[in-house]
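First comes the structure, then the notes that go with it.
The values are calculated or read from the model by the stated rules, or taken from the named source; none is laboratory data. As the structure is a prediction and not an experimental result, all values here were calculated from the model. Every residue, glycine as well, gets a Cβ built from its backbone with ideal geometry; the counts of neighbours run over all protein chains shown. Each accessible area value is taken on the protein alone, full model and side chains, heavy atoms only, with ligands, DNA and RNA left out. Shrake-Rupley method; radii C 1.70, N 1.55, O 1.52, S 1.80 Å.
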Amino acid sequence: MEGQKTELKMIRMSEVESQEVKWLWYPFIPYGKLTIIQGDPGDGKTTLVLNIAAKLSKGKCLDSDMNVQEPVNVIYQTAEDGLADTVKPRLEIAGADCEKILVIDESDKSLSMADERLEEALAKTEAKVLILDPIQAYLGGGMDMNRANEARDMTKKLGALAEKYQCAILLIGHMNKASGNKAAYRGMGSIDFFAVARSVLLVGRIEGEPNTRAVVQIKNNLAAFGHPKAFMLSEMGFHWLGDYEITADEVLGGIAPKANKLEQAKQMLRELAETTNMVQSNEVFEMADEQGISKRTMENAKKELGIRAKKINNSWYWELDTVKQR
């Protein structure tokens with residue numbers, strides 16, 4: 001039996017108005033799109049997300065790449081932690097304005113990704129961030145996240161909500177146990193969840209650093225990949241470390257990073273300071289590239305060592321006098 005015919009509608013690209021992607025945290029979390037944050041249980045995914053939410057509630061930034069001018073509302077849905085005994089205490093420790101952190105009441109009916117209450121809540125609160133933690137808990141009865149067509153339909157609906165309300169939707173996902181596989185295939189469920197998300201972040205342990213967690217971007221359809229980051233978890237709470245030299249393979253494989261590139265960069269500058277007082281910045285970057293050190297890492301080393309830059313005849317030089325004093 002032939003199905004009902006769908007009317008053909010054509011779109012001319014000349015009639016489409018170009019739009020620039022807006023970012024909550026460049027290049028990790030875009031507005032109007034889905035972002036997945038995944039990792040093994042207990043590796044700090046929720047802690048990272050709650051600390052981001054806490055910063056946003058106060059109009060503060062986690063680092064200089066985060067774009068926040070004023071406090072914003074955040075909707076946080078969790079199916080794994082109690083609100084009173086776990087979530088709120090963690091938000092308070094993180095310094096959140098809990099007036100800005102909102103939760104859809106699920107006491108009458110559990111929430112799912114297709115639930116109309118998600119759109120109602122976004123419209124009512126004008127929240128700039130919606131967090132579902134974890135993905136698996138918000139699939140709805142009867143939905144199989146391992147079936148591509150069902151996963152695709154679900155994520156397309158969420159993506160449409162993100163675009164309509166220009167909010168960032170964060171999906172927290174556990175990894176499966178298929179060790180050694182590519183990060184894309186270790187996310188729980190259909191690869192379509194990974195495919196629809198515009199950005200995917202991996203949170204994991206760093207071998208040899210029991211209190212440190214890495215944040216590595218393993219997918220980005222909208223910009224160049226972001227530099228890996230790290231944070232520490234201790235009795236004092238959450239401490240953001242910023243740039244960190246580690247790869248997704250090292251995180252997934254439980255392999256200690258080959259080298260702390262930042263320390264390597266600082267050592268290179270110290271050695272240069274022993275033989276010269278000033279060096280052209282282009283020469284520094286060329287030497288760093290030969291040692292596998294990125295330009296960004298060299299800039300961070302420069303900042304930490306208090307090195308000043310000076311322009312001479314249209315060329316930039318780094319003054320190494322301060323390095324000798326350290």
*Can you list residues whose amide H is under 5 Å from Tyr317's amide H, if they're 5+ apart or on another chain and H is modeled 1.01 Å from N?*
Ser281, Lys310, Lys311, Ile312
_³J(HN,Hα) computed for each position of segment 88-105 - Karplus, 6.51 cos²θ - 1.76 cosθ + 1.60, integer Hz, glycine/proline x_ = 5, x, 5, 5, 5, 4, 7, x, 6, 8, 5, 5, 9, 9, 10, 9, 6, 5
*Taking 7 Å along the Cα-to-C-beta vector as the label spot, tell me the Met13-Glu70 distance in nanometres, rounded to one decimal.*
3.8 nm
*When the chain is fully extended, how far beyond the present Cα-Cα distance does Ala79 get from Arg296, taking 0.36 nm per residue of separation?*
74.2 nm
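Using R₀ = 22 Å, calculate the FRET efficiency as 1/(1 + (r/R₀)^6) where r is the Cβ-Cβ separation of Glu209 and Lys88; round to 0.05.
With a Förster radius of 22 Å, E is 0.15.
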*Order of exposure, largest accessible area first, which applies to Phe231, Phe194 with probe 1.4 Å*: Phe194, Phe231
*Charges only on Cβ, +1 for Lys and Arg, -1 for Asp and Glu: so what's the dipole of segment 20-253 about the Cα centre, in debye to the nearest 20?*
480 debye
*Go through segment 222-233 residue by residue and turn each phi into a ³J(HN,Hα) via Karplus (6.51, -1.76, 1.60, θ = phi - 60°); whole Hz please, and just put x for glycine and proline.*
10, 7, 5, 4, x, 5, x, 10, 8, 9, 10, 10
_Stretchable slack from Gln4 to His239, in nm (0.36 nm times residue separation minus alpha-carbon distance)_ = 78.9 nm
*State the extension gain, in nm to one decimal, for the chain segment bounded by Arg270 and Val103, taking 0.36 nm per residue of separation less the distance between their alpha-carbons.*
55.0 nm
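Taking N as the number of residues in the chain, what is its alpha-carbon radius of gyration divided by 2.2 N^0.38 Å?
1.15
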*Restrict the search to segment 228-294; then list the GluC sites (Glu not before Pro) that DSSP places in a loop and that have at most 15 other Cβ atoms within 10 Å of their Cβ.*
Glu235, Glu274
*Please give, to one decimal in nm, the separation of the simple spin-label points placed at Glu20 and Glu283, each 7 Å out from Cα toward the Cβ.*
3.8 nm
_Accessible area of the chain divided out per residue, in Å², using a probe of 1.4 angstrom_ = 56 Å²
*Given H placed on each backbone N at 1.01 Å, which residues far from Asn73 in sequence or on other chains put an amide H within less than 5 Å of it?*
Lys128
*Could you list which residues have their amide H under 5 Å from that of Leu24, counting only those 5 or more apart in sequence or on another chain, with H placed in the peptide plane?*
Ile29, Tyr31
*Under 10 Å from the Cβ of Tyr31, count the other residues' Cβ atoms, weight Lys and Arg +1, Asp and Glu -1, and hand me the total.*
+2
*Whenever you get a sec, compute what percent of the accessible area on the chain sits on carbon and sulfur atoms (1.4 Å probe).*
46 percent
*Mind checking which of Ser112, Ser64, Ser199 has the largest fluctuation in a GNM of the chain, springs on alpha carbons under 10 Å?*
Ser64
